[in-house]
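To start, the structure under review is shown below, and the notes come after it.
The values are calculated or read from the model by the stated rules, or taken from the named source; none is laboratory data. Owing to the predicted nature of the structure, the values given are computational and were not obtained by experimental measurement. Note: ideal-geometry Cβ built from the backbone for every residue, glycine included; neighbour counts use all protein chains shown. What goes into the accessible areas is simple: the full protein's heavy atoms, side chains included, and nothing from ligands, DNA or RNA. Shrake-Rupley method; radii C 1.70, N 1.55, O 1.52, S 1.80 Å.
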Amino acid sequence: RLAGVLGECKALTHLDLSCNYIGAEGATRLAGGLGECKALTYLDLTLNDIGAEGAGRLAGVLGSCTALTHLNLWGNAIGAEGMGRLAEVLGECKALAH
């Protein structure tokens, strides 16, 4: 349900979904709304088992989250493929420090 309304939360700055095991499908749904969260500064997706596929879906929108200062993807089995896709866009997140 969250993914369906996330795009309407334009002033959202902090989102902690750690330890929810949303998987690649959940990450895909989440990515659908994250692109609209321009004020988002903190995103914690620790231990969600998103894998390379989920990381790729997130990579597609994280570049538009330019206010993002903190991103935690620990424990998601992203692998080299997923990390490569994220690396391509995280350079656009100039405020990212963690």
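Could you state the orientation-averaged shadow area of the convex hull built on the Cα atoms of the chain, in nm² to one decimal?
5.0 nm²
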Of all accessible surface on the chain at a 1.4 Å probe, what whole percent is carbon and sulfur?
55 percent
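Multiply the residue separation of residue 88 and residue 9 by 0.36 nm, subtract the distance between their alpha-carbon atoms, and state the gained length in nm to one decimal.
Here the segment from residue 88 to residue 9 would lengthen by 25.8 nm.
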Theoretical ellipticity at 222 nm over the chain - DSSP helices of four or more residues, -39500 (n - 2.57) apiece, nearest 500
-12000 deg cm²/dmol
Nearest 20 debye, what's the magnitude of the dipole of the chain about its Cα centre given +1 on Lys and Arg Cβ and -1 on Asp and Glu Cβ?
220 debye
Cut-off 10 Å between beta-carbons: net charge of the residues surrounding residue 22, Lys and Arg +1, Asp and Glu -1:
-1
Charge context of residue 51, other residues only, Cβ under 14 angstrom, K/R +1, D/E -1
-2
Residues other than residue 36 with Cβ under 11 Å of its Cβ, Lys/Arg counted +1 and Asp/Glu -1, net out at +1
Any idea how far the Cα center of region 1-64 sits from the one of region 80-96, in Å?
15 Å
Normalised by the number of residues in the chain, what is the relative contact order in percent for Cα pairs under 8 Å and 6+ residues apart?
28 percent
